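What follows is one structure encoded as structure tokens, with my remarks underneath.
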Amino acid sequence: MHRFGQSHYGLNHDNFIGRLPQYNSSKEDAIDFLIEDRLAPQCRLAMDQQLLQAGDMKKFEALFKKLPELLPIESPSLIHGDLWSGNFMIAENGRSVLIDPAVSFGLREMDLAMSLLFGGFNDLFYQAYHEAFPLKGGWRERMDIYQLYYLLAHLNMFGRSYLRPVQQILNKYQ
């Protein structure tokens, strides 16, 4: 799936992450897409719900400025968008099936970050992935940056119990 790409990030329509809107405007720049279509909308929603404070937003703004130095940029890949063990099943015929996607063309490390957020898959999954489609060095150290999107979505859907992990990641990059 990640080997299937296109020239721009996004999708030709918006969709959902859980019950929340997920924006997919066409962008040529991965960092712009990550900020403008993923992180900023979730931040605005969390501010509107009084789940984030002005101090948190200042930390997000500081992180946004650092992202070009922190993230390697690859061509847009088709990503599942909500890849965790609950969205992986084995069909009756024994084939692996992915369900409940929040697809877009984005950075493939987003899928790996989500897959690791709630425990991840077996280590063999990540080894096989790396053998089939090697990631740039230091990918595990970048996972928390991508996880911010999913943690913000969970903050917006399920409440304050997700605030602390968001703030811990933000504090790491200040």
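Excluding residue 22 itself, what net charge comes from residues whose Cβ is under 13 Å from its Cβ, given Lys and Arg +1 and Asp and Glu -1? List each step's numbers first, then the result.
Details: positive: 19, 38; negative: 14, 36, 37, 82, 100.
My count for the surroundings of residue 22 gives -3.
Can you run phi through the Karplus equation (6.51, -1.76, 1.60; θ = phi - 60°) for region 152-161 and list ³J(HN,Hα) in whole Hz, with x for Gly and Pro?
Per-residue couplings from phi come out as 5, 4, 5, 4, 5, 8, 10, x, 4, 4 Hz.
In region 31-115, which GluC sites (Glu not before Pro) are in a loop and have at most 12 other Cβ atoms within 10 Å, using DSSP for the loop call?
Values: sites: 36, 61, 69, 74, 92, 109; in loops: 74, 92.
Here the sparse-neighbourhood loop sites are 92.
Please identify every one of the trypsin sites (Lys or Arg not before Pro) in region 1-80 that sits in a loop by DSSP and has no more than 14 other beta carbons within 10 Å of its own beta carbon. Present the calculation step by step, with values, prior to reporting the outcome.
Values: sites: 3, 19, 27, 38, 44, 58, 59, 65, 66; in loops: 3, 19.
The qualifying sites are 3, 19.
At most 13 other Cβ atoms within 10 Å plus a DSSP loop assignment makes a site exposed; report the longest stretch of the chain without any exposed chymotrypsin sites (Phe, Trp or Tyr not before Pro).
5-117
Mind listing which trypsin sites (Lys or Arg not before Pro) in region 83-174 are in a DSSP loop and have 10 or fewer other Cβ atoms within 10 Å?
On the way: sites: 95, 108, 136, 140, 142, 160, 172; in loops: 95, 108, 136.
Filter output for region 83-174: 95.
Out of residues 5 or more away from residue 17 or on other chains, whose amide H comes under 5 Å of its own, with H placed 1.01 Å from N in the peptide plane?
22
Quote to one decimal, in nm, the extra length available between residue 157 and residue 53 on full extension: 0.36 nm per residue of separation minus the C-alpha distance between them.
Result: 35.7 nm gained on full extension.
At a Förster distance of 30 Å, what's the computed FRET efficiency of residue 95 paired with residue 122, Cβ-Cβ distance as r, to 0.05?
Here the calculated transfer efficiency is 0.95.
Evaluate E = 1/(1 + (r/R0)^6) for residue 12 and residue 61, where r is the Cβ-Cβ distance and R0 equals 45 Å; express this FRET efficiency to the nearest 0.05.
0.90
Coordinate-derived values only; no laboratory data. From a predicted model like this one, the values you see are computed outputs, not experimental measurements. Positions of Cβ are generated from backbone atoms using ideal geometry, with glycine treated the same way; all protein chains shown enter the neighbour counts.
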